[in-house]
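To start, the structure under review is shown below, and the notes come after it.
The values are calculated or read from the model by the stated rules, or taken from the named source; none is laboratory data. Because the structure is a prediction, the values reported are computed rather than measured. Cβ sites come from the backbone with ideal geometry, for glycine too, and all protein chains shown count toward neighbours.
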Amino acid sequence: MDSNIGYSSSEEDSCQNLQVGKRRRDDHTDMELLTCGKCETLLTTEAGFITCDCCGLLFCQDCSKLPKEVYRHLVVNNIASVTFNCKSCKRIQPTLKNIEDSMKALNISNEKRIRGNDTRISKLETDTTRRISQEIKKITG
């Protein structure tokens, strides 16, 4: 499944194509099971599940905090254009934005410093070559 919402009518493709989610092994069957990222309830194809676009964990309807009708509509219709972020990720997104902005500013600052250093190095190389040539002329004179 390419979307952030999972629902399937057959057991075969219910969880096999998912790349993210909270996973655990069934001790009796040694099969991989998908569980809700918050309450750890086993997720089934009948109930469906939704994936947080930020952390990638899967969530049941109760833990998604979406109204039941909205959740069901998203799951049944497999609507990928809707972004879902869990409560934890919503809390840290402003912090992540600040970090991203700071990193961009640092990157710009570093690029300017590197360009300045490149200019100074080039000037030093030119000056050094010129001085060496002058000294050689003095000696061979």
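So the values come out like this:
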read-out	value
Residue that is modelled with the lowest pLDDT [pool: residues in the range 18-61 that are β-branched (Val, Ile, Thr) and touching a helix residue (DSSP H, G or I) at 6+ places or on another chain (Cβ under 9 Å)]	41
Search result, residues across the range 53-71 that are assigned to a loop (DSSP other than H, G, I, E, B) and either charged (D, E, K, R) or not assigned by TED's automatic domain parsing to the domain that holds residue 35 (or both)	53, 65
Number of the exception - residue 74 against (1) in contact (Cβ under 8 Å) with a residue 24 or more places away in the chain; (2) over 20 Å from residue 41 (Cα atoms); (3) in a helix (DSSP H, G or I)	(2)
